[in-house]
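Below: the structure, in structure tokens.
The values are calculated or read from the model by the stated rules, or taken from the named source; none is laboratory data. As the structure is a prediction and not an experimental result, all values here were calculated from the model. We place every Cβ from the backbone using ideal geometry, glycine too, and count neighbours over all the protein chains shown. The accessibility values were calculated without ligands, DNA or RNA, using every heavy atom of the protein model including side chains. Shrake-Rupley method; radii C 1.70, N 1.55, O 1.52, S 1.80 Å.
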Amino acid sequence: MSDKVTSLNQHLAPIFDLQAAAAVLSWDQQVNMPEQGTEARSNQLATLTSMAHELFTSDETRKLLEAAESEVANLDYGGDAASTVRVIRRSFDKETKIPTTLVERETRAASQGFVAWRKARETDTFATFEPHLQELIDLQVERAGHLGYTEHPYDALLDQYEPDMTTAQVEALFGELKEGLVPLVREIAAQPEVNDDFLSLTYDDQKQWDFTLLLLRDIGYDFKRGRQDRAPHPFTTEFSSADVRVTTRIHPGAPQSAIFSSVHEGGHALYEQGSPEAFDRTALAGGATLGLHESQSRLWENQVARSLPFWYHYYPILQAFFPDQLSSISLTTFHHAINKVQPSLIRVEADEVTYNLHIFVRFELEKALVTGELKVADVPDAWNARYEEYLGITPPNDALGCLQDIHWSHGMVGYFPTYTLGNLISAQLYEQALAGMPDLEENYTQGEFEPLLSWLRDRIHKHGRKFTAPELLEREFNTQISAQPLLTYLRKKYSELYKL
Ligand code: ZN
């Protein structure tokens, strides 16, 4: 690595330490912390993050970054040196364009907004959240103005979560996906309902926990560099490539919840554990964009762990864990039950066919909110109308409708599309993996996932944060993000399951 890039890395390393320390505190808050610890913890987190922000946006960083830029100007775009400088430049520009006063107002609005949102959801009164949502949206519009955009203010917001993707590109992809999904959902809805009653029996907590550990170990999650804990809203967090933690939740009357959330978070974690050790404490460490991250979790959760070959191996094991509940249930019945498609009101509980329809609703409303085409007061009606149109159901109240997600209460606008982008990319990657390894799924019938993991390590994980999603797909597969592979995968799988 060149001298100037080394100086830049040395300058930034303590900032990554501060961020990792904040991540430990945040993990602890969600996993261990007693209820009354919230206020002190918020102060501790605010101190660490503002220290990191101040150091990162300092003149010292600017000088070192400019010096490093002149040194890497003629180096290979994908090399470590040029990539480090490019990735830092992107964050530096974003963080320095936003005035500190705006960040402070956003933080205040988000903490008040969160409290109001929680109350509004509990009491099912959108009006309680409405003025806060107005303020949060106004602040996001202001943020977009500072970040800058050429076509749509939403471009600037989206770019924070999924760099190199524009609103117009997302609209085109989602439009194509919607055209394929809406009729598929209708065809499935016309079929006889699937029996999944046995999934609501009582499944022992400890046995569920043990089964998730077995799955994590088998897919390649390294427990010497990680651990699993419980959290009400499962997540993955990392403090270095050698300490990547997952969480799961266990519902005694719904064993599929723990199984798929553990494998989902395991997919995120495999990505982080696959980040090269040499990238630790640098800007290249970890997974790249939110969309790419979600592509990894979704691939393991859906394409792998909801597949029939996977359950050829694991269903007898699961039956041995739960003989009273499952011994009389056939593999076919079980497999169909965990792939049941049913239009529902709640995004996080949606199956893989209807899930993206929930995202379209949020994407369309967010765009209209930031341009002012949609008034905040009209959000509940606009929300309900779209649920009726796309899913054929209308929420009976706002708690089960537009108040269900936490994102807006934190001022996160532009985030939702990354979930669907992740789903699209997961299907593209899986199609590529199968093309290169036609017998891949036979490994699953033996509980063997090393070929898939090695392939992901080699094509995706080893790059760390070097490339945006469009760059990575272009470089590794000579392709762009596309809706067709997901549509093809869903159409094939569900035509077989539902005999369409
Ligand atoms: Zn995820």
ask   = What number of residues within region 379-396 satisfy the criterion of being touching a helix residue (DSSP H, G or I) at 6+ places or on another chain (Cβ under 9 Å), touching a residue at least 12 places away in the same chain (Cβ under 8 Å) and over 21 Å from residue 158 (Cα atoms)?
value = 9
query = Filter region 260-285 for residues that are among the hydrophobic types (A, V, I, L, M, F, W, C) and touching a strand residue (DSSP E or B) at 6+ places or on another chain (Cβ under 9 Å); which is most open to solvent (accessible area, probe 1.4 Å)?
reply = 285
ask   = Here are 305, 350: which of them is within 16 Å of the ligand (Cβ to nearest atom) and either open to solvent by 30 Å² or more (accessible area, probe 1.4 Å) or modelled with pLDDT under 95 (or both)?
value = 350
request  = Could you check, for region 63-77, whether at least one of its residues is touching an Asp or Glu at 6+ places or on another chain (Cβ under 7 Å) and open to solvent by 30 Å² or more (accessible area, probe 1.4 Å)?
outcome  = no
inquiry  = What's the total number of residues in region 491-500 that are surrounded by 14 or more Cβ atoms within 10 Å (Cβ to Cβ) and out of contact with any Gly (no Cβ under 8 Å at 6 or more places or on another chain)?
reply    = 4
Region 26-62 - residue that is open to solvent by 60 Å² or more (accessible area, probe 1.4 Å) and outside any helix (DSSP H, G or I) and, of those, nearest to residue 91 (Cα to Cα) = 32
task = For residue 447, state whether it is modelled with pLDDT under 95 and either charged (D, E, K, R) or under 21 Å from residue 339 (Cα atoms) (or both).
result = no
request  = Determine, yes or no, whether residue 435 is in a helix (DSSP H, G or I) and surrounded by fewer than 19 Cβ atoms within 10 Å (Cβ to Cβ).
outcome  = yes
ask   = Any idea which residue in region 334-347 is nearest to residue 304 (Cα to Cα), counting only those that are in a helix (DSSP H, G or I), of a type outside the set (A, V, I, L, M, F, W, C) and open to solvent by less than 30 Å² (accessible area, probe 1.4 Å)?
value = 335
query = Pick from region 458-480 the residues that are in a helix (DSSP H, G or I), in contact with a Lys or Arg (Cβ under 9 Å, 6 or more places away or on another chain) and more than 19 Å from residue 437 (Cβ to Cβ): which of them is least open to solvent (accessible area, probe 1.4 Å)?
reply = 472
note = Here the residues within region 324-333 that are open to solvent by less than 60 Å² (accessible area, probe 1.4 Å) and not in a loop (DSSP other than H, G, I, E, B) are 325, 326, 331, 333
query = Can you name the number of the only condition in (1) surrounded by fewer than 17 Cβ atoms within 10 Å (Cβ to Cβ); (2) of a type outside the set (Lys, Arg); (3) farther than 26 Å from residue 162 by Cα that residue 11 fails?
reply = (1)
note = Restricting region 199-231 to residues that are touching a residue at least 60 places away in the same chain (Cβ under 8 Å) and within 21 Å of the chain's Cα centre (by Cα), the one most open to solvent (accessible area, probe 1.4 Å) turns out to be 230
note = Expected output for region 259-284 (first residue more than 13 Å from residue 297 (Cα to Cα) and acidic (Asp, Glu), partner more than 12 Å from the ligand (Cβ to nearest atom) and open to solvent by 10 Å² or more (accessible area, probe 1.4 Å), Cβ below 9 Å, 6+ apart or cross-chain) is 277/240; 277/242; 280/16; 280/240; 280/242
key: In region 286-301, residue nearest to the ligand (Cβ to nearest atom) [restricted to those that are open to solvent by 10 Å² or more (accessible area, probe 1.4 Å) and in a helix (DSSP H, G or I)]   = 294
note = Turns out the strands (runs of 3 or more DSSP E) fully within region 171-285 with at least 2 residues that are within 16 Å of the ligand (Cβ to nearest atom) are 236-240, 243-248
task = Quick one: count up the residues across region 143-159 that are surrounded by fewer than 18 Cβ atoms within 10 Å (Cβ to Cβ) and farther than 18 Å from residue 374 by Cβ.
result = 7
key: Failed item in (1) assigned to a loop (DSSP other than H, G, I, E, B); (2) surrounded by fewer than 23 Cβ atoms within 10 Å (Cβ to Cβ), with residue 414 passing the rest   = (2)
request  = Return yes when residue 306 is among the charged types (D, E, K, R) and closer than 30 Å to residue 7 by Cβ and no when it is not.
outcome  = no
request  = Consider only pairs whose beta carbons are under 6 Å apart and that are at least six residues apart or on different chains; among these, list those whose first residue lies in region 175-192 and is touching a residue at least 40 places away in the same chain (Cβ under 8 Å) and acidic (Asp, Glu) and whose second residue is open to solvent by 20 Å² or more (accessible area, probe 1.4 Å) and not in a helix (DSSP H, G or I).
outcome  = 187/500
request  = From the list 294, 272, pick out the single residue that is in contact with a Leu (Cβ under 9 Å, 6 or more places away or on another chain), charged (D, E, K, R) and at pLDDT 95 or above.
outcome  = 294
